[in-house]
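Notes to accompany the following structure.
The values are calculated or read from the model by the stated rules, or taken from the named source; none is laboratory data. Everything numeric here is computed off the predicted structure, so don't read it as measured data. All Cβ positions, even for glycine, are placed from backbone atoms using ideal geometry, and neighbour counts span all protein chains on display. Each accessible area value is taken on the protein alone, full model and side chains, heavy atoms only, with ligands, DNA and RNA left out. Shrake-Rupley method; radii C 1.70, N 1.55, O 1.52, S 1.80 Å.
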Amino acid sequence: MTPPQRQRRFPKQQPPPPPAKPGNQKHPERLFVVAGPDSGERDADIDLVTLIVARAEPPPSATPEQSALLRLCTTPLSVVELSAYLNLPFSMMTVVLTDMLTTGLVTARVPIVRQAVADRSILEAVMHGLQRL
């Protein structure tokens, strides 16, 4: 067991931290900059579980968010997953995705919803099979 370390009541003055390099500073973009100009109607029906699939490679005119989204969507991903990966709120994702849907860069599809209750005949067959064991 090591003895506790003593601390000074009046610690020595610490040297100032080194100045930050220009490349290490992060300046987050404002959300209206990410969204781009208002292009009019945004009526796409996008939900949290809507699956997004890329249809094309990122064009040279794409924003960094659009390029990242197109690289992520080579396989279907939900909007909530994309929102988490890109650190953007859901409302911003709907704006970006609606613009991409109108230009044809991505497609949106509703996930397959399974039937809420299984068929009664299947449940009875499983029950009879388990009883025979």
Sorted by accessible surface (1.4 Å probe, heavy atoms of the protein chains only), largest first, Arg55, Arg6 come out as Arg6, Arg55
Residues whose built amide H sits under 5 Å from the amide H of Ser78, excluding neighbours closer than 5 in sequence, are Ile52
Averaged per residue, the 1.4 Å probe accessible area of region 51-123, protein heavy atoms only, in Å², is roughly 63 Å²
Simple spin-label estimate for Arg114/Val53, 7 Å along Cα→Cβ, in nm, reads 2.1 nm
